[in-house]
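The structure appears right after this line, and notes come after that.
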Amino acid sequence: MSTIITPLAYLIALALLLLIGMALLAPFESLGWWAGWTKRDLQPSIQLEELNPEVNPAAIYIVYLTAIGGISANLSSREQRFLDRLEAAYPEKVVIIDDVFPFSATNNPLNGERPLAWLWQRLHNSRLGGKASIFATLIFARNLFQVAVSGDPRYGPIYNFGVARELIRSLIHHGYPPNSGIPIAVMGWSGGAQIAVGVAPYLHQALGAPIKIVSIGGVISDDPGLDQVEHLYHIQSTIDQYPRISELLYPGRWRIMRHSHWYRAENGGRISVINPGPMRHTGKGDYLDRNTLLANGQSNLDRTVEVIVAALEQTPIPELTADYTPTASSPEAKQSQT
Amino acid sequence: MESVTNFLGLVKELIVGVLRLDPAVFEAILDSSVAGIVLDLIILFLAGLSDTIGHSAVFFANRVPRRRFLFALVVEALGFVTGVFIWAFSIWLLAGFLFNAQQNYANVVRTVSLGYAPLLFGFLILLPYLGNIIFVILRVWVLLAVLVAVSVDYNFGFWPAFTCSVLGWALITFLARLPFLRVDRIDSFLWRFSTGVDQELNSKEAVDQLMRELQSDWTGESDQ
């Protein structure tokens with residue numbers, strides 16, 4: 001028996017040590033950048049020559065931050081499809097921005113300028129190839145630790161400022177006119193939602209923009225960034241237990257902490273929790289699944305898009321019990337027109 | 001080679017004993033030779049260094065240059081050791097004053113220093129999220145170890161040891177806040193000396209300061 005248990009115990013200990021090592025190193029990417037220890041300079045930040053305001057700007061700018069499975073800003077085909085549908089379904093002109101990798105303060109993808117870029121790429125490839133490798137979960141672990149960095153008051157301001165700086169650049173590059181009052185919706189899936197809240201105050205201050213957050217099954221701490229958020233739309237299915245992790249882990253999310261940032265926002269009517277119907281956090285049957293249908297025949301993907309559009313447009317969220325038939329403004333109808 | 005192994009084994013026993021809050025370890029250190037004192041101080045310094053590493057985000061937030069980082073860590077760790085000596089002094093003073101109990105000050109320093117062994121894990125405070133909890137756990141652990149140390153020093157029960165330790169800490173905190181003692185100036189001097197940076201800011205203050213600078217730059221250039 002011990003011939004199995006002893007090596008197993010060593011393996012578990014080794015895995016734990018590896019995880020602790022990864023977690024210990026997690027804050028140093030953003031801290032090193034901030035301190036000027038890396039080649040990636042803190043300056044220049046926002047250059048006026050980069051300003052390129054659109055003559056005819058969009059009614060809203062939506063920034064999408066991917067979930068913790070990503071290794072770069074290159075989205076998966078299902079995420080890309082989701083954003084395409086969202087753009088098609090939106091009744092007004094919308095600009096969607098998806099070129100910032102939220103798990104790096106310097107927008108440096110895991111397969112970018114890093115000593116272990118080759119390793120991350122191989123792990124990612126093995127996952128895409130359908131190989132169920134336990135090592136591929138290292139990507140989740142690495143990005144999860146960056147979410148923890150974002151939610152930690154000791155590191156969060158620096159990390160979130162770094163990501164916000166990249167978002168500001170991208171927004172300006174995409175024609176966002178600063179101080180125009182045009183709303184920016186930062187939309188994050190899973191851990192991306194925490195970073196969405198973290199960057200909110202810096203986007204608000206730098207661009208003078210009202211900030212809305214769309215959290216898709218988001219795992220969000222009691223982040224001070226909530227104070228600067230105009231409204232948080234927290235889309236959480238009743239069968240998705242992952243967002244409850246933050247309710248458990250962060251004392252500011254506990255019901256007894258009535259004066260936390262979270263509950264101040266909730267009591268001020270700035271948080272709406274929306275149940276889109278039975279959807280899983282990730283994988284088959286998740287929020288972006290186009291093949292899983294709800295009771296009314298609508299796909300999870302379309303329902304998620306419908307809920308987000310209604311929330312951002314401040315129109316009533318359509319009841320799930322109603323029979324779903326594509327309308328003139330629905331994604332299917334718009335796509336068939338084109 | 002064997003003597004090195006024996007020495008390391010002894011160190012391990014000592015540290016494990018403190019972590020277990022075993023009074024016998026503190027009694028042993030009281031009876032030990034000069035080498036024991038050196039070992040004691042080395043443990044205290046390493047605990048201070050580890051704790052400083054755990055809090056090293058502040059050096060990054062204030063953009064301490066890479067070449068200065070190690071120096072800053074060592075100076076802060078030495079400041080930490082000095083703080084422990086001061087706490088030991090206040091305990092020694094209160095034990096004599098409140099309970100008329102006598103002990104050599106050096107012995108109090110030795111046992112209290114050893115009580116800081118849990119902070120050898122202080123580097124774990126770096127962990128995002130969990131580090132905040134580990135910080136509290138380690139501080140409570142140190143307090144318990146110091147209580148055992150003081151009870152061994154003076155053959156005290158729990159409450160006299162608790163009174164001397166907590167009141168001693170409160171006394172230092174109170175004195176440090178008296179304006180005429182200018183402890184804040186000493187702190188500032190040590191910070192400047194170790195880091196070469198004028199003002200100590202936490203990460204939020206540092207980012208807020210940069211945001212203000214960026215906004216004023218932006219506004220200024222826009223007006224031109």
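Over the protein assembly as shown, DSSP H runs of length four or greater, each weighted -39,500 (n - 2.57), average out per residue to a 222 nm ellipticity of -18500 deg cm²/dmol.
Projected area of segment B:2-172, taken from the Cα convex hull and averaged over every viewing direction, in nm²? The partial results should precede the final answer.
On the way: hull surface 43.7 nm².
Across all orientations, segment B:2-172 yields a mean hull projection of 10.9 nm².
Write down the Kirkwood hydrodynamic radius of segment B:6-60, to one decimal in angstroms, obtained as one divided by the mean of 1/r over all alpha carbon pairs.
Computed over segment B:6-60, the radius equals 12.5 Å.
Binning the C-alpha pair distances of segment B:75-151 at 10 Å intervals from 0 yields a P(r) profile of 18, 45, 27, 9, 1 %, listed from the shortest bin outward.
For the protein assembly as shown, the Kirkwood radius over C-alpha pairs fed into Stokes-Einstein at 20 °C and 1.002 mPa s yields D = 80 µm² per second.
Ordering A:217-229, B:169-181, A:300-312, A:255-267 by mean Cβ neighbour count within 10 Å, with the highest value first, yields A:217-229, A:300-312, A:255-267, B:169-181.
In whole angstrom, how far apart do the alpha carbon centroids of segment B:53-69 and segment A:163-183 sit? First find each Cα centre; the distance between them is then 31 Å.
Our analysis of segment A:2-321 gives Rg over Rh at 0.97, with the two radii drawn from alpha carbon positions and Rh computed by the Kirkwood formula.
Convex hull over the alpha-carbon atoms of segment A:146-231: what's its volume per residue in Å³?
Here the figure is 78 Å³ per residue.
Taking a Cβ cut-off of under 9 Å around B:Val58, the surrounding Lys, Arg, Asp and Glu residues balance to a net charge of 0, with basic ones at +1 and acidic ones at -1.
Across chain A, the relative contact order, built from alpha-carbon pairs under 8 Å that are at least six residues apart, equals 16 percent.
Overall size of segment A:186-326 from C-alpha positions, given as principal axis extents largest first: 41, 32, 24 Å.
In segment A:60-139, what trypsin sites (Lys or Arg not before Pro) fall in a loop by DSSP, with at most 12 other Cβ atoms inside 10 Å?
Hits after loop and neighbour filter: A:Lys93, A:Lys131.
Peptides B:156-166, B:185-195, A:179-189 ranked from most to least packed give A:179-189, B:156-166, B:185-195, packing being the mean of other C-beta atoms within 10 angstrom over each peptide's residues.
Bear in mind that the values in this text are calculations on the coordinates, not laboratory data. Values in this document were obtained by computation on a predicted structure and should not be read as measured data. All Cβ positions, even for glycine, are placed from backbone atoms using ideal geometry, and neighbour counts span all protein chains on display.
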